[in-house]
Amino acid sequence: MTDVRDDAALQDELVRKLRSDAGIDALRDNDPEAVMLQLRTLMQQIRRMFLVYEFGIKALSTKIEILRQEFEQGHDYSPIEHVRSRLKTPEGVMRKALRRGSALTVEAIRNEITDIAGIRITCSFVSDVYWIAEMLSKQSDVTVLETKDYIAAPKANGYRSLHLIVQVPVFLSQETEHVTVELQIRTIAMDFWASMEHKLSYKYDTNLPAHLAEQISTTSAIAAELDDRMGKLREEIRPRPNEVD
Ligand code: 0O2
């Protein structure tokens, strides 16, 4: 989501809030050494936070890769077409924290922003989306914090996808960190639509003219129809159990 404030105003607000939330404003006489120390500590905490999120992505990506390889070994197709991951940029995280009214501290950000680390899995069929979600959710070290099923209940603009906010443990030398990752699982048709919608709507931010919004929503129904037909074809073509050698 784009912020309506201009960049200069946003930066001013970020700096002001960072100074106060990092305790810099509270330092006596703005002692330069104390300010530097406080800033250094904050930078170290932020760098460590992003590193731990990167580890979280690695831990979950390995689980996904294991499922994919195991499935491929026993079947003649892969339920997973692509897997992409991304870390939000520090600026993106700060902007979101500001928008949400969260404190600009590592602790508040970790608690309140759940999509700093994201993995998007693109599947062949809708049933594969739910299969993968189930296989990951039932692993004993994966905790599902939240599920948003935009396939069963698409967003008003037509967006469809299954989102899971999960936590995975990352074992470090001194402690175990439970890292939150946003998983988006969707079919190729859903992914194609989301990617096009993002490109088409970007220019308008939140003010998409009604006639365009309606057409975009119609294209989502076409993508859903395609998924439905492909699913039915798959059911028909898939060999019956007694036909498998
Ligand atoms: P990016 O670049 O993918 O990170 P919020 O995150 O506050 O906007 P919420 O309710 O926390 O909203 O999360 P939501 O809506 O469940 O999921 C947010 C993410 O889902 C978005 O992340 C997009 O990736 C995707 N998404 C949600 N709605 C749409 C939509 O209408 N169109 C498209 N193309 N993608 C959508 P970011 O952070 O916006 O972007």
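The values are calculated or read from the model by the stated rules, or taken from the named source; none is laboratory data. Only a predicted model underlies this, so the values are computations on that prediction, with no experimental measurement involved. Cβ coordinates were reconstructed from backbone atoms using ideal geometry, including for glycine residues, and neighbour counts include every protein chain displayed. Note: accessible area is taken over every heavy atom of the protein model, side chains too, but ligands, DNA and RNA are not part of it. Shrake-Rupley method; radii C 1.70, N 1.55, O 1.52, S 1.80 Å.
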**Prompt:** Modelled label-to-label distance, residue 86 and residue 15, 7 Å Cα→beta-carbon offset: nm?
**Reply:** 2.8 nm
**Prompt:** Given the Cα-Cα distance of residue 33 and residue 234 and 0.36 nm per residue of separation, how much length would full extension add, in nm?
**Reply:** 65.7 nm
**Request:** Just name one of 73, 38, 62: the one whose Cα is farthest towards the positive end of the charge dipole of the chain (beta-carbon charges, Lys/Arg +1, Asp/Glu -1).
**Result:** 38
**Asked** Taking θ as phi - 60°, what are the ³J(HN,Hα) couplings along the range 60-76 by the Karplus curve (6.51, -1.76, 1.60), each to the nearest whole Hz, with x for Gly and Pro?
**Response** 6, 4, 5, 4, 5, 5, 4, 4, 5, 5, 5, 5, 4, 5, x, 10, 9
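Expressed in nm to one decimal, what extension gain is obtained for the pair residue 172 and residue 8 from 0.36 nm per residue of sequence separation less their Cα-Cα distance? All intermediate terms of the calculation are to be shown ahead of the outcome.
On the way: separation 164, 0.36 × 164 = 59.04 nm, distance 3.88 nm.
Full-extension gain reported as 55.2 nm.
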**Fill in**
For the pair residue 61 and residue 103, the simple spin-label estimate (label points 7 Å beyond Cα toward Cβ) gives in nm 3.3 nm
**Request:** Considering the options 117, 221, 130, tell which one lies farthest towards the positive end of the dipole of the chain, charges being +1 on Lys and Arg and -1 on Asp and Glu at the Cβ, about the Cα centre.
**Result:** 117
**Request:** Could you pull out every residue, at least 5 positions away or on a different chain, whose amide H is within less than 5 Å of the one on residue 160? Hs are placed 1.01 Å off N in the peptide plane, and Pro or chain starts have none.
**Result:** none
**Prompt:** Could you give the nm distance between label points at residue 40 and residue 134, where each point is 7 Å from its Cα heading toward the beta carbon?
**Reply:** 5.5 nm
**Request:** Please report, in debye to the nearest 20, how large the charge dipole of the chain is about its Cα centre when each Lys and Arg carries +1 at its beta carbon and each Asp and Glu carries -1 there.
**Result:** 320 debye
**Fill in**
Most fluctuating of 173, 85, 201 in the GNM of the chain (C-alpha, under 10 Å) is 173
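For 19, 238, 229, 95, write out the residues from largest to smallest accessible area, computed with a 1.4 angstrom probe and no ligands counted. Intermediate values should be presented prior to the final figure.
On the way: 19 80, 238 105, 229 150, 95 55 Å².
The residues order as 229, 238, 19, 95, largest area first.
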